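A short reminder: the numbers here are calculations on the coordinates, not readings from a lab. This one's a predicted model, so the numbers in the text were calculated from it and none came from an experiment. Glycine also receives a Cβ, built like all others from the backbone with ideal geometry; neighbour counts cover every protein chain displayed.
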Amino acid sequence: MDEIISQERSIQAMKARKAVAVDSRTGSTESSLSSKTFEDLFLEHWSAIYRLLVSMIGDPAEAEDLALETFLRLYRHPPKTGEGTNSGGWLYRVATNLALHSIRSAKHREHYEMSAGKGALEDAPETRPPQILETEEDHRMTRLVLAKMNPHRAQMLVLRYSGMPYKDIAKALNLSPASVGPLLLRAEREFEKVYLALIEEEK
Amino acid sequence: MNKHLNDGQLRAALDQELDGSVMDHLENCPTCRRQQAQIKAETQQATSGLSFLGSQAGQSGPDAKTALIHFHQYNESRKEISMFRKLFTSSTLRVGLAIVVILAVIFSFPQARAFADQVLNLFRVQQVVVVPVDFTGIQMLTGNDTLGKQVSDLIASSVTTQQNPGAPVPATNAAQASQLAGFTVRVPQGMTPSRLSVENAAAFTLKVDVAKAQALLDESGRSDLVLPTSINGADVSVNIPASVSVAYGTCPDPAAQDTGIGLNSGGSAGRRYPDCVILAEIPTPTVSAPGDLNIAQLAQIGLEFTGMTSDQAAAFTQTVDWTSTLVIPLPKNAATYDQVTVDGVTGTLIQRPADDAPQYVLLWVKNGIIYAISSLGTDSQQAIQMANSLP
């Protein structure tokens, strides 16, 4: 899958370079956002990006920080010409990258937290229904699987399961729409594999 | 269409992401439908495990307009404190120490001198001095790709690593940490650390490339600053001894990336590690370089680069002994600093009293060891008490 993504990205990168070259003839090789354009994009995409990050991270405070960091990158280093027509996809890509990086950085801690979560499940206080604790445990497990997966595949899963259509995923990841189905399937198969390995590990 | 669908198409069909003609084939092809059912079964765990990503009801958070206000505050705070915050992690402090030391030495070679036969000079930190500077000019360079590439090229072509510190090594107590680090580690009396770790020594040499360094200044818009060509080819060797980090409370894992206090985390680090205090100890790094140095001359260039006027830089350089002083440039308006008496010597307390993420670091040097106590919070008295309780 990495090879396919790499080839796809090379093609898209060539297209992007051509787009930049066209702009360079007019003296501009990099897009920039006016304050109004940035604020319009912020207001349009904030809620979706924030919700995605809360789902991925599970911590609203950290999700808000990562969402602010995502928009800060748009503000300071907006996508170059060729990517700029899809700022929404670009934001999703940056946000998922930041979140996956955060999950991976904290994966050891999360591993222990997860173990602690199991203990908590066994000694569940009466105030919290067991179903809620099981759901939280499932979410932690999913995050751990994503953290252990190939980053490209993990990103593909996050974008798809957050509800993004194939054509938008293709734009966000610089892929052709026809390649999304096969790549998604490979990502799901890796998810299954890592998940089962983790279950074995936990035993 | 008579050809059977491949697995990728069958997967896309589950999301209704195929053209009508292909979907028509699937509807009328038992073989494809069986294969699709098998794919659905084998990816069931992924489907159920990841489904919560799409059901985000009740996770609205701050509304977009409020968030936009937060964003502008965040942007401003990142402008002011991005460099300051780097002082607050032990590893970054080490790099910062090394860079400041290197800059002090690089910017200190006199003109017209043959290096080969010079006796080496040795730099050792004996005191710390803070100098407030306006980093606005440097911050405006962020995003300059050409400059970034030049910096990378300069480092790649100039620096040779002799010793890489590797990952921090945990220690069970101060005695073991002392043994691993090679110096006597002091820990506050009456306090139990949550983690002790030792980072091994590092060493590298740097060969000065004036042309590249000057091109870097030019690209930064500071072609008014001219480096003397006589320093070209000079070898500077830097030895950073092993250091020890002693954590109290719940602190970020030093082995994990980007979990350091205050780095890239806005106010959330303060919320996650409210009781974290870190004591770092490192014997003074040493820098060997060709002798007969005129440190003030080129330190002035460095200070002017950071935003000082020529007069200010000249006045400051006259007040500093550049062979023994660690100079920490501090962004103006981002923090305050005071001299305090700790551990029997004069130390420097730097505080960032921001509402969202207050931080402080207490620095001092004693018997050749640099000490730093840092925390997210405002209780700097705690650091002073800790310093004074060292045996």
- For B:Asp321 and B:Thr31, what is the calculated FRET efficiency with R₀ set at 60 Å and r taken between the beta-carbons, to the nearest 0.05? 0.10
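Would you mind giving the mean number of other chain beta-carbons within 10 Å of the Cβ of each residue in A:44-57, as a whole number? Could the numbers behind the result be given before it?
Numbers: counts 1, 1, 10, 8, 1, 1, 8, 9, 4, 3, 5, 7, 2, 0.
Mean shielding count: 4.
Output the pairs from A:Lys193/B:Lys3; B:Lys40/B:Lys65; A:Lys148/B:Lys207; A:Lys148/A:Lys171; B:Lys212/B:Lys366; A:Lys171/A:Lys193 with a Cα-Cα distance over 32 Å in this structure; if there are none, say none.
Numbers: A:Lys193/B:Lys3 30 Å; B:Lys40/B:Lys65 41 Å; A:Lys148/B:Lys207 40 Å; A:Lys148/A:Lys171 25 Å; B:Lys212/B:Lys366 38 Å; A:Lys171/A:Lys193 28 Å.
Flagged as over cut-off: B:Lys40/B:Lys65; A:Lys148/B:Lys207; B:Lys212/B:Lys366.
How crowded by other chains is B:37-45, given as the mean number of beta carbons from other chains within 10 Å of each beta carbon?
For peptide B:37-45, the averaged partner shielding equals 3.
Is there a simple number for the mean count of other chain Cβ atoms within 10 Å of the Cβ of residues in A:35-43, and what is it? Kindly include the intermediate steps, with their values, before the conclusion.
Working: counts 0, 0, 0, 2, 5, 0, 0, 5, 5.
Taking all residues of A:35-43 together, the mean is 2.
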- Task: Treat each spin label as a single point 7 Å out from the Cα along the C-beta direction, and report the B:Val169 to B:Phe52 distance in nm.
- Result: 4.0
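What is the packing order of peptides B:228-239, B:17-28, taking the mean over residues of other C-beta atoms within 10 Å and listing the highest first?
Numbers: B:228-239: 17.6, B:17-28: 14.2.
Packing proxy ranking, top to bottom: B:228-239, B:17-28.
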- Estimated inter-spin distance, B:Asp311 and B:Gln382, nm [label 7 Å along Cα→Cβ]: 4.4
- Message: Along the Cα→Cβ direction, 7 angstrom out, place labels at B:His72 and B:Ser223. What is the inter-label distance in nm?
- Response: 3.8
